[in-house]
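Q: Mind having a look at this structure? Questions to follow.
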Amino acid sequence: MGKVAIKANGLVKWFGEGDTKTTAVKNASFEANFGELLYIVGPSGSGKTTLLSMISGILKPNEGAVLVEGKNLWEMKSDDIADLRLNKIGFVFQDYHLFPRLTTVENVAIPLILKKMDWNEALKVSLEYLEIVGLKDRAQLQPVKLSGGEQQRVAIARAIAGHPDILILDEPTASLDGDTGRKIVEFVKTNILNDQRCVIIVTHDSRIYEYADTIMKMEDGKIIGFERNTLTAP
Amino acid sequence: MSGILKIAWKLLVNDKSKFTALLVGITFAVFLMVMMMSMFSGILSRSSSSVLNISAKIWVMDPAVNNATSSIPMPDYVLSTARSINGVKYAVPLYFGGALIKLKSGAYQAATVVGLDDSTLYGRPELIEGNIDDIFAENAFFVVKDAEFKKLESPKVGTEFEINDHRGLVVGLAKVASSGLFGVPTIYTTYSRAITYIPSSRFTTSFVLIEPKSESDISFIQQQIKKLGYQALTRDQFVQKITNFYTFQTGLGMNVLLMTAISFIVGLSISGQTFYTFILENLERFGALKAIGAKGNELISMILFQASVTSLIGYGLGVGLASTFMILAKLRLPDYAAQVTYTILAFAFVMVLIIAGVSSYIGIRKVLQIQPFDIFRG
């Protein structure tokens, strides 16, 4: 394992007030390291997505701190947090959230364009990332013309195009069949994960557990344990 | 164009149905607004046509007169007094009245008769046929060749007609800057012939036209005329008086204002609703952009850009459509009174900006409210 990419310290998040107050995450602390494929697993409503949102600068915790490469995330200004998300963190959303009116390559180019890269240059670079995910020949198609697995790979290409240190995938296999799901995670493990990158996957798909380096289990808003994966990943 | 705006552009134009609906809404609104205001402007312009065509610097009239066609005859001493005021270079009478003309075919046609001062012909129109001196010939009249010309059976120089049982002879054809409002042909003759041929009341001077020695004399002349119990207005003041009369005292202005407001509301409703739906449909994508790292001001710029582009294209299409419609209408209908002015274009542009602003505001509020966390939650 490399050095610490993200460190969460005593994170607490509740929603509502008074009788309607619900605590989604209770005193969560953990570390994710560079070169590590960390799974956050647990049943629905266990607080996985809320925790993920807090460590990625999307949802402010009520208590606790998040250190991203040593910097306290929630002490930053909102624009700085947006910059950090743009430059350090790549997201693969559960429903991909690709732009149906843009071509595949334009979708991939979005983080680069947000980084103020020239349009043509961004498309050129994006083609290289589409090649990495094996979809260069689909570059000019709109996402609706791609299969679920291909859309997932476009979403991954978009997430890594900005060259993030931390890649976060939210339920990446939720809408894929078992075979395609395994292929996607295997692809992430072999092609995306490296010593300079940390990958965090939120899932409750036990079929892909074998690829994890570390599995962090959550239940009822609490982290109930860590498991070093002893299974031999393919 | 920056990359983020290019994304905004593609999101907008690649959604062809929404983009078309947005354009139709704004184009329709601009078309209606421009049409309404242009017609109103055309009507106002025509209502002042006599003042503009005769082009005297100062018009003296009874204070109750509110437009050139409904003059109240004044006694002769008004003219004499006007001539004696310091600062008056010269003052002439003008006859303005209506007459029934019996045409060669036997048909009758109402016409406006303008009687010009015999010695100066001050306010005479530009002749396109005939000789100006011929106006002093027996029974001589000039006919204005405008949209109403055909109603006099398109007379030529030498054509005869009857006017109140007097013989009339066309000795020239004239052109004027603007046609009248009420679709009545105009003929010119001398003042003395006009008051002879057309039955009138004890007083015969419809207006006294004054040429001041200098611009600085105008105010003094106006004061002196006021002392007589009459009113002296500059050309612009008289045009404004006529405009105010038609705008505020005939219901015309209010009706056009209401129609323009309805056009604006229709356009705003269609465009605002469509743009709001467009934003709603893309809300998750804007949320995803936020999660990826787009800042609030970048999202605002995208929405403003989309609203502005749609509005400007819609504005251009609307103005183009209205102009085309007016050109075609004028080809078929000579009396069609509509004119596009810079003021109308500017007003419609401001209205379109308001439509864009309101649509953007709704969209921006919605987009700024969406939290990336909502995207994660699905």
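Q: Suppose the chain between A:Asn120 and A:Asp95 were pulled fully straight at 0.36 nm per residue; how much longer would it get relative to their current alpha carbon spacing?
A: Gain on stretching A:Asn120 to A:Asp95: 6.3 nm.
Q: Another question, if that's okay. I need the calculated FRET efficiency for the pair B:Asp62 and B:Phe136, taking r as the beta carbon distance and R₀ as 45 Å, to the nearest 0.05.
A: E between B:Asp62 and B:Phe136, to the nearest 0.05, is 0.90.
Q: While we're looking at this one, here's another question. Which FRET efficiency, nearest 0.05, do A:His204 and A:Lys3 yield, Cβ-Cβ r, R0 51 Å?
A: 0.95
Q: On to the next question. If we count every other residue with Cβ under 9 angstrom of B:Glu281's Cβ, Lys/Arg +1 and Asp/Glu -1, where does the sum land?
A: Counting the neighbours of B:Glu281, the net charge comes to 0.
Q: Cα centroid distance between segment A:163-209 and segment A:56-104, in Å?
A: So the separation of the two Cα centres works out to 18 Å.
Q: Obtain the nm distance between the two label points defined at B:Glu162 and B:Thr277 by a simple spin-label model: each point lies 7 Å from its Cα along the Cα-to-C-beta direction.
A: 6.7
Q: Can you put B:Thr324, B:Thr186 in order of Cβ neighbours within 10 angstrom, beginning with the fewest?
A: Fewest-to-most ranking of B:Thr324, B:Thr186: B:Thr324, B:Thr186.
Q: Shifting gears a bit: State the Cα centre-to-centre distance between segment B:109-135 and segment A:117-151 in whole Å.
A: 79
Q: State, to one decimal in nm, how far the label point of B:Lys151 lies from the label point of B:Lys366, with both points 7 Å from Cα in the Cβ direction.
A: Placing both labels 7 Å beyond Cα along the Cβ direction yields 5.3 nm.
Q: Under a plain spin-label model, where a point goes 7 Å from the Cα along Cα-to-Cβ, how far apart in nm are B:Tyr342 and A:Asp179?
A: Those two pseudo-labels are separated by 7.2 nm.
Q: Shifting gears a bit: Pop out the ³J(HN,Hα) list for segment A:98-107 in order, Karplus 6.51 cos²θ - 1.76 cosθ + 1.60 with θ = phi - 60°, rounded to Hz; leave Gly and Pro as x.
A: 7, 8, x, 8, 9, 6, 4, 5, 5, 4
Q: A further question follows. So what is the relative contact order of segment B:75-229, in percent, for Cα pairs below 8 Å that sit 6 or more residues apart?
A: Over segment B:75-229, the number comes to 36 percent.
Q: Round to the nearest 10 and give me the degree value, 0 to 90, for the angle of helix A:178-187's Cα axis relative to the longest principal axis of chain A.
A: 90
Q: Let me ask something else about it. Considering only chain B, what is the antiparallel percent among its DSSP beta bridges, to the nearest 5?
A: Counting DSSP beta bridges with both partners in chain B, the antiparallel share is about 75 percent.
Q: Sticking with this one: Please compute the length gained on full extension between B:Thr120 and B:Asn297, using 0.36 nm multiplied by the number of residues separating them and subtracting their Cα-Cα distance.
A: 56.7 nm
Q: Can you spot the aspartates and glutamates whose alpha carbon is less than 12 Å from B:Lys156's alpha carbon? Ignore those fewer than 8 places along the same chain.
A: Result set, ordered by chain and number: B:Glu129.
Q: Helix-only estimate, please: 222 nm mean residue ellipticity of the protein assembly as shown, summing -39500 (n - 2.57) across DSSP H runs of length 4 or more and dividing by its residues, to the nearest 500.
A: Computed ellipticity for the protein assembly as shown at 222 nm equals -14500 deg cm²/dmol.
Q: Just add up the charged neighbours of B:Ile101: K/R +1, D/E -1, any other residue whose Cβ is under 15 Å from the Cβ of B:Ile101.
A: Once all neighbours under 15 Å are counted, the net charge is +1.
Q: How far is helix A:119-132 tilted, in degrees, relative to the longest principal axis of the Cα atoms in chain A, given as a value from 0 to 90 rounded to the nearest 10?
A: Helix A:119-132 and the main axis of chain A meet at about 80 degrees.
Q: Separate question: I need the shape label for segment B:75-229. Rule: rounded when a/c is under 1.5, else prolate if a/b > b/c, else oblate, with a, b, c from the alpha carbon gyration tensor.
A: prolate
Q: Follow-up question, since we're still on this one. For segment B:30-36, just list the computed ³J(HN,Hα) in residue order, Karplus coefficients 6.51, -1.76 and 1.60, θ = phi - 60°, integers in Hz, with x standing in for Gly and Pro.
A: Running phi through 6.51 cos²θ - 1.76 cosθ + 1.60 with θ = phi - 60° gives 5, 4, 5, 5, 5, 4, 4 Hz.
Q: Next up: Under the classification rounded if a/c is under 1.5, otherwise prolate if a/b is larger than b/c and oblate if not, where does segment A:69-181 fall, given a ≥ b ≥ c as square roots of the Cα gyration tensor eigenvalues?
A: Judged from the Cα gyration tensor, segment A:69-181 comes out oblate (a/c at least 1.5, b/c at or above a/b).
Q: Within segment A:108-125, find all residues whose amide N lies under 13 Å from a label point positioned 7 Å from the Cα of B:Trp9 along Cα-to-beta-carbon.
A: A:119-120
Q: Taking H as built 1.01 Å from N, whose amide H comes closer than 5 Å to the amide H of A:Glu219, not counting residues under 5 places away?
A: Long-range HN contacts for A:Glu219: A:Ile224.
Q: Find the relative contact order for chain A and round it to a whole percent, using C-alpha pairs within less than 8 Å whose residues are 6+ positions apart.
A: In percent, rounded to a whole number, it is 28.
Q: Length gain on complete extension for the stretch A:Ser29 to A:Glu17, per 0.36 nm per residue less the alpha carbon to alpha carbon distance?
A: 1.9 nm
Q: Moving on. At most 15 other Cβ atoms within 10 Å and a DSSP loop assignment: could you name the trypsin sites (Lys or Arg not before Pro) in segment A:50-109 that fit?
A: A:Lys77
Q: If I take every Cα pair under 8 Å that is 6 or more residues apart in chain B, average their sequence separation and divide by the length, what percent do I get for the relative contact order?
A: Reported relative contact order: 30 percent.
Q: Residue by residue, what Karplus-based ³J(HN,Hα) values in Hz, rounded to whole numbers, does segment B:68-82 have, using 6.51, -1.76 and 1.60 with θ = phi - 60° and x for Gly and Pro?
A: Working through the residues one at a time gives 5, 7, 10, 6, 10, x, 10, x, 5, 5, 5, 5, 4, 5, 4 Hz.
Q: Moving on to the next point. Given a 10 angstrom Cα cut-off, can you work out which residue in A:Lys48, A:Lys115, A:Lys222 is the most mobile in a GNM of chain A?
A: It is A:Lys115.
Q: Distance between Cα centroids, segment B:6-58 to segment B:175-208: provide it in whole Å.
A: 36
Q: Treating the angle as unsigned and between 0 and 90°, give the value, to the nearest 10°, between the Cα long axis of helix B:283-292 and the longest Cα principal axis of chain B.
A: For B:283-292 against chain B, the angle is about 60 degrees.
Q: Cut-off under 29 Å on the C-alpha distance; same-chain residues fewer than 8 positions from B:Lys213 excluded. Which lysines are left, in chain and number order?
A: B:Lys57, B:Lys89, B:Lys175, B:Lys226, B:Lys227, B:Lys241
Q: Got a sec? How would A:Glu17, B:Glu298 order by Cβ neighbour count within 10 Å, fewest to most?
A: A:Glu17, B:Glu298
Q: From the square roots a ≥ b ≥ c of the eigenvalues of the alpha-carbon gyration tensor of segment B:1-104, which class results: rounded (a/c under 1.5), prolate (a/b over b/c), or oblate?
A: Since a/c reaches 1.5 and a/b is larger than b/c, the shape of segment B:1-104 is classed as prolate.
Taken together, the values in this text are just the output of simple stated rules run on the coordinates, not laboratory data. The shown structure was predicted, so the numbers you read here are calculated from the model rather than taken from an experiment. Here Cβ is always computed from backbone atoms with ideal geometry, including for glycine, and neighbour counts include all displayed protein chains.
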